[in-house]
Amino acid sequence: MDEQKMNHQEEPHKRRVRYVGTHPRSYQEKYKELQPEKYKETVSKVIRKGSTPAGMHLSICVNEILDFFNIRPGQKGLDVTLGYGGHTREMLRCLNGQGHIYALDVDPIESAKAKERLRRLGYGEDILTVKLQNFADIDEVAREAGRFDFVLADLGVSSMQIDNPMRGFTYKAKGPLDLRMDPGKGISAAERLRELTQEEFAGMLVENSDEPYADEISETVTAYLKRGKRIETTIQLKEAIEEALAFLPEAEQREAVKKSCQRTFQALRIDVNREFEVLYEFLEKLPGVLAPGGRAAILTFHSGEDRLVKKSFKQMKKAGLYQEISTEVIRPSAEECARNGRARSTKMRWAIRA
């Protein structure tokens, strides 16, 4: 028997994940969606239904971004939030093989996948440089690459992170209460909760997500922890929020719990990843990395982010660093929101370097 046959025999047979019913429900069961190259028809069907396939991310405001950037072959761009690579791919297409794009991400898991995905499409080192780097450090990138003709920041959490229960970004599935963009750095959301006083947690909920039931949730969560009750998983935090809002009329509880879970997870994610501090540092450095006439576009997904961007752009224009800024937010079209429900809260603002 030759060596090739022996190796083939030694490979264990891999059976597909079995699931109850006619449709997969858990993340692991959606094996077709998790292999978009192999099951294109299934992925297309999910998108047509207005859902995002598991393990994928549908880029938002692509046409609006490309219209504003007006990318020409030979230019140099920077995508500070690579994610799934959708925005980067479209900007690379506009370069038509001439120019260069740098792309940053702090998530080592998804960054490696996106880099490989783009390499398979033919975008090699000659036109695309991917760096595992926080976008607060754009000045370091500019020292190496020079100033950029266009810079994009998409501040949303990627769908791949939300959908994977092991990342802990969603209350809808059981997983570790982590919420870190880079699981190898800093402390998890579960660890962070154990550090906070009731007053600190309530303040975080108000500041990071405008949570109307901040006092009730913080009181219940800290009482849980004081009694030695563990909050280590996403479901355990959800159960604590359900208990905190048990005083509400029964008809209101389900929707209130859903929204408070979304806001609480958002507040913790912002905190453990220092998102506001990172965004502030990025905005301070942004004019310095743009070439004269260079364009910057930022997508935000909640009011706290949008306020920071709006304020920074106004101040920088007044200081003469920007020649023009958007006076109104740009939102995704109704058609896009129908295709992708996660686009509904998106706001885009832009600035042009003086």
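The values are calculated or read from the model by the stated rules, or taken from the named source; none is laboratory data. Every value quoted in this text rests on a predicted model; they were computed, and no experiment measured them. Neighbour counts run over all protein chains shown; Cβ positions are idealised from the backbone, glycine included. To get the accessible areas, we keep the full protein, side chains included, count just its heavy atoms, and leave off ligands, DNA and RNA. Shrake-Rupley method; radii C 1.70, N 1.55, O 1.52, S 1.80 Å.
List of remarks:
- FRET efficiency, Leu132 to Gln253 (Cβ-Cβ, R0 45 Å, nearest 0.05): 0.60
- Cα gyration tensor, region 231-326 - rounded (a/c under 1.5), prolate or oblate: prolate
- Fraction of accessible area attributable to carbon and sulfur, region 126-283 (%, probe 1.4 Å): 45 percent
- Cross-link reach list, aspartates and glutamates versus Lys226, counting only Cα pairs under 20 Å and skipping chain neighbours closer than eight places: Glu191, Glu195, Glu199, Glu200, Asp215, Glu216, Glu239, Glu242, Glu243
- For region 80-92, putting each phi into the Karplus relation 6.51 cos²θ - 1.76 cosθ + 1.60 with θ = phi - 60° gives couplings of 7, 9, 4, x, 6, x, x, 5, 4, 4, 5, 5, 5 Hz, in residue order, rounded to whole numbers and with x for Gly and Pro.
- Using θ = phi - 60° and Karplus 6.51 cos²θ - 1.76 cosθ + 1.60, couplings along region 224-234 (whole Hz; Gly, Pro as x): 3, 5, 5, 7, x, 7, 7, 10, 10, 10, 4
- Placing Leu155, Leu132 in order of accessible area, with the largest value first and a 1.4 Å probe, yields Leu132, Leu155.
- Applying the Karplus relation 6.51 cos²θ - 1.76 cosθ + 1.60 with θ = phi - 60° to region 311-318 yields 3J(HN,Hα) values of 5, 5, 4, 4, 5, 5, 5, 4 Hz, where x marks Gly and Pro.
- Averaging the Cα positions of each part gives two centres, and for region 228-272 and region 106-154 these lie 36 Å apart.
- Applying a threshold of 32 Å to the alpha-carbon distances of Lys174/Lys285; Lys115/Lys172; Lys259/Lys311 flags Lys174/Lys285 as lying beyond it.
- Positive minus negative residues near Leu58 (Lys, Arg vs Asp, Glu; Cβ under 11 Å): +1
- Annotation: amide H-H contacts under 5 Å for Leu128 (H modelled 1.01 Å from N, sequence separation of 5 or more, or interchain): Ile101.
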